[in-house]
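Here the structure comes first, spelled out in structure tokens, and everything after it is commentary.
The values are calculated or read from the model by the stated rules, or taken from the named source; none is laboratory data. Note that the coordinates shown come from a computational prediction; the quantities given were computed from them, not determined experimentally. Cβ: placed from backbone, ideal geometry, glycine included. Neighbour counts: every protein chain shown. What goes into the accessible areas is simple: the full protein's heavy atoms, side chains included, and nothing from ligands, DNA or RNA. Shrake-Rupley method; radii C 1.70, N 1.55, O 1.52, S 1.80 Å.
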Amino acid sequence: MRIAILTSGIRPVPAIHGGAVENLIDFYLEYNDLYQIHDITVYSIWNSNINRHSALKSKCNHYKFINNNSLVSKILKSYFKHNYPNDYYHYSVEVFFQQAFFLLRRKAYDVIIIENRPGFAIKLKKKTSIPLICHLHNDFLNSSSANSHEIFDSYNYIISVSEYITQRVRTINEKNSKCITVYNAIDIGTFHKACPINREVVGLNSNQFVVSYSGRLTEEKGILQLIKAVKTIIKNIPKIQLLIIGASTYGKDVTHIPFIEDLKKESEVIKEHVIFTGYVDYKMIPSYLKAADIAVVPSMWEEPFGLTVVEAMAAGLPLITTRSGGIPEICEGVATIVERENIVANLAAAILDLYQHPEKRAAMSKASLERSKLFDKETYAKNFFKAIEDGIGNEFK
């Protein structure tokens with residue numbers, strides 16, 4: 001099958017600058033390169049660091065890049081900013097789309113896959129009769145979304161990352177079954193094989209009970225509530241340390257963020273028990289996680305999926321998390337899932353329970369490792385391509 005992939009227009013693919021969506025695209029492209037299943041062309045923004053990336057040598061995956069800093073792009077951005085202020089997306093994203101389509105229309109494709117930009121279908125449906133598939137990673141298409149029915153009707157198929165997102169899409173048309181779920185994945189092997197980082201290197205004590213948090217330091221992730229929960233426990237159990245892995249953004253951003261200051265202020269009283277690592281390269285995350293005794297993912301919003309949940313399980317950690325969005329689908333039965341109401345007390349009780357019951361931690365660790373195998377990148381890629389083939393029809397198999 002000849003497939004065009006329209007990326008989000010924010011981060012490049014290959015995923016040299018990270019990004020959950022971009023890494024997941026890389027996973028199925030890697031699988032396609034290995035098994036030579038489809039002829040795929042990826043439309044992505046350009047970055048100078050991409051030029052020597054090994055993925056560009058693939059015989060079945062091809063890359064077309066749009067330089068969003070070129071003179072043409074700058075002129076188009078200025079034009080769209082002033083003439084189309086109410087376009088579906090930010091003018092820079094709309095400019096990426098226009099330039100990508102200019103290249104895309106020159107080649108015949110059997111299907112166009114739109115990565116997490118469902119609104120692209122509004123213009124695409126008017127420009128081409130090629131079947132459209134949306135790969136939806138966030139809650140961007142539901143009955144409350146702008147132009148929801150028009151967008152929904154424009155797609156032949158919608159692949160979402162969790163049943164939670166699938167059900168959100170079905171609020172538009174509950175009788176239509178064109179939306180299905182293909183779960184996200186990580187590179188399980190890197191987590192299974194990783195060795196723990198030396199605790200002393202990051203300021204941890206070797207004989208302490210380490211509670212880890214990994215992810216962006218933003219309000220919806222629940223890190224403030226976790227710090228408050230640890231504060232209530234430390235009064236009676238001083239052996240606990242909290243390892244906070246991550247920064248406010250996906251990269252090495254040193255911008256002053258008020259919320260980060262709030263976190264540090266909240267933890268000031270127990271600062272000997274709280275370690276902020278700051279930004280950690282993703283390659284090192286497995287080793288940092290394995291230095292902990294348990295992991296907590298205290299999400300306070302409806303997580304579309306929850307990759308950090310899979311990462312914690314793949315590191316073999318007993319897990320505490322919240323009943324949020326797609327999270328229970330990932331870890332129900334192997335993790336302690338707490339309600340968000342009265343969250344501080346619930347987290348504190350769950351941490352205390354695992355601290356006091358080492359045999360329970362051992363059983364949960366084993367269950368986490370086994371459960372994580374369901375979210376391996378090869379399984380994900382295989383299911384993703386099967387969904388495409390099922391969605392478009394047997395004539396392309």
Subject >> Local net charge near residue 187, Cβ-Cβ under 11 Å (Lys/Arg +1, Asp/Glu -1) >> reply: -2
Subject >> 11 Å beta-carbon shell around residue 99, net charge (K/R +1, D/E -1) >> reply: +1
Subject >> Descending semi-axes in whole angstrom, ellipsoid equivalent of segment 247-326, from the Cα gyration tensor >> reply: 22, 16, 15
Subject >> Sparse-neighbourhood loop sites, trypsin sites (Lys or Arg not before Pro) in segment 192-248 - DSSP loop, at most 16 other Cβ within 10 angstrom >> reply: 216, 235, 239
Subject >> Inter-part distance where segment 177-197 and segment 270-316 are each reduced to a Cα centre, Å >> reply: 15 Å
Original post:
What is the magnitude of the charge dipole of segment 107-158 about its Cα centre, with +1 placed on the Cβ of each Lys and Arg, -1 on the Cβ of each Asp and Glu, and no other charges, expressed in debye to the nearest 20?
Top reply: 300 debye
Original post:
Between 326, 347, 369, whose Cα lies farthest towards the positive end of the dipole of segment 296-369 when Lys and Arg beta carbons carry +1 and Asp and Glu beta carbons carry -1, centred on the Cα centre?
Top reply: 369
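What order, most packed first, do the peptides 373-381, 116-124 have when packing is the mean number of other Cβ atoms within 10 Å of each residue?
116-124, 373-381
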**OP:** Note down the net charge around residue 58, summing +1 for each Lys or Arg and -1 for each Asp or Glu among other residues with Cβ under 11 Å from its Cβ.
**Re:** -1
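Please work out the ratio of the alpha-carbon Rg of segment 8-157 to 2.2 N^0.38 Å and round it to two decimals. Intermediate results must be reported in sequence, preceding the final value.
Numbers: Rg = 15.4 Å, N = 150, 2.2 N^0.38 = 14.8 Å.
Cα Rg divided by the expected 2.2 N^0.38 Å: 1.05.
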**OP:** Heads up, I need the accessible area for residue 361: 1.4 angstrom probe, whole protein in place, Å², nearest 10.
**Re:** 50 Å²
Original post:
Which value results for Rg/Rh of segment 74-133 when Rg is the Cα radius of gyration and Rh the Kirkwood radius based on the inverse mean 1/r?
Top reply: 0.98
Subject >> Inverse of mean 1/r across different Cα pairs in segment 2-41, Kirkwood, Å >> reply: 10.5 Å
**OP:** At a 1.4 Å probe radius, which order do 269, 161 fall into by accessible area, largest first?
**Re:** 269, 161
Subject >> Paired Rg and Dmax values of the chain, which use every Cα atom, in angstrom >> reply: 22.2, 68
**OP:** Take the alpha-carbon centre of segment 1-54, take the same for segment 201-244, and report the distance between them in whole Å.
**Re:** 36 Å
**OP:** Could you state how much accessible area residue 60 has, in square angstrom rounded to the nearest 10, with a 1.4 Å probe and all protein chains kept in place?
**Re:** 10 Å²
Original post:
Over segment 231-387, what is the percentage of antiparallel beta bridges among all DSSP beta bridges, to the nearest 5?
Top reply: 10 percent
**OP:** Measure of size requested: the Rg and Dmax of segment 146-202, with Cα atoms as the atom set and Å as the unit; please supply both.
**Re:** 19.2, 56
Original post:
Gap in Å between the Cα centre of segment 140-171 and the Cα centre of segment 340-397?
Top reply: 23 Å
Original post:
Between residue 160 and residues 5 or more places away or on another chain, which pairs have amide H atoms under 5 Å apart, with H built 1.01 Å from N, and which residues are they?
Top reply: 136, 180, 181, 182
